Amino acid sequence: MAITEAKNNVNISTTKIDFICPVCKSRKALDVPKSVIEDAKQLTTMSIARGLVCEHQFQAFVDKNYQVRGYQRVDFEFEPNVNHEKPSDFNNFKQDDNELFENLVLEGNYLEYKPKNTEYKINKSLKKQKIPTQEKKISLGEIYNEFRELIDEDNEKFRDFIENDSRRNQISLIY
C-alpha cells in the first residue's frame with residue numbers, strides 16, 4: 001500500500017516499534033503510523049532502509065499488536081543513480097539522528113525526507129560554481145526573421161518589418 005499524495009497538516013497517530021537488524025543486531029525504535037498496521041490484513045511487511053537503524057537494509061514483519069514477528073535480510077537492492085566507485089560510509093555520518101527525523105514528513109504510508117535548509121544549501125552551492133552567463137543582444141530584425149510566422153499582422157513593434165516583408169505580402173495575396 002502506498003500513498004502518492006501528501007496531505008499537509010494532518011495529525012497522524014504513531015507508535016514506536018523496536019527494530020533489530022538481523023545482520024549486525026543494532027537496535028533502534030522508530031515511529032510507525034498506526035494506520036499502516038491497522039489497514040493490513042495480517043502481517044505488515046516493512047522495508048527498513050539503510051541508515052534508519054544501521055548500515056544494512058532489511059525487512060521486518062509486524063503483527064496487529066505492533067510486535068515484530070521476524071526479519072529478512074535483503075540480498076540485493078537496485079538503487080538509482082548510485083556511484084559504484086565510492087561506497088557509502090555510514091560510520092562517518094555526522095548528522096544527529098534527531099535532526100534527520102525532524103526533516104522527515106510521515107503521513108500514513110507516505111514518507112519523504114525534506115531538509116529545512118534546502119534552499120540555503122542550493123544557493124550556497126550555486127554561488128561556489130560561478131556559472132558564466134553570456135548575454136547576446138540580437139536586433140529587432142533578427143527577432144522578426146526568426147519568429148515572423150508567429151507575429152500578428154497588427155503588431156506595433158514589428159510594423160515596419162511586416163510592411164516591407166515580401167514573403168508576408170505574397171502569402172496575403174494567395175488568400
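Here, each number is a calculation from the coordinates, and none is a lab measurement. Computed from a predicted structure; not experimentally measured. Ideal geometry is used to build each Cβ from the backbone, glycine not excepted, and the neighbour counts take in all protein chains shown.
Computed values, structure above
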item: In region 31-82, the chymotrypsin sites (Phe, Trp or Tyr not before Pro) that fall in loop regions by DSSP, at most 10 other Cβ within 10 Å; result: Phe76, Phe78
item: Per-pair calculated FRET efficiency, R0 = 25 Å: Glu102 and Thr45 via Cβ, rounded to 0.05; result: 0.40
item: In nm, spacing of pseudo-spin labels at Leu140 and Glu163 (7 Å Cα→C-beta vector); result: 1.2
